[in-house]
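Every read-out reported here was derived from the displayed coordinates using simple, explicitly stated rules and does not represent laboratory data. All figures in this text were calculated on a predicted structure; none of them were measured in a lab. Here Cβ is always computed from backbone atoms with ideal geometry, including for glycine, and neighbour counts include all displayed protein chains.
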Amino acid sequence: MAPTENIAVEARRIVIAPARAVPAPSPDDPSDEELLRFLDGDMDEDERRAFAERLERSPYASARAQILADALADSGFDDPEPCD
């Protein structure tokens, strides 16, 4: 096998333009703590309903919630065991 030190390497930069605007956070978006409480079911019914409405109004927050839920599920935390 020939040494690779003399091989010319051409780097190409590919510009990717999103088809639509990427969501950005707003001042009303929930904190990480609120997202975790929602996903863990640690909110009472009224608080949960109000929080779900906030998620519906914010593509950024709903995307974060889905990403976090998927990450927790992939890590085995989708069905947490109760703490004693």
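Dipole size of the range 33-74 about its Cα centre, with +1 on Lys/Arg Cβ and -1 on Asp/Glu Cβ: approximately 240 debye, rounded to the nearest 20.
Its residue count N sets the reference 2.2 N^0.38 Å, and the alpha-carbon radius of gyration of the range 33-74 equals 1.10 times that reference. In terms of other Cβ atoms within 10 Å, GLU45, GLU10 run from fewest to most in the order GLU10, GLU45.
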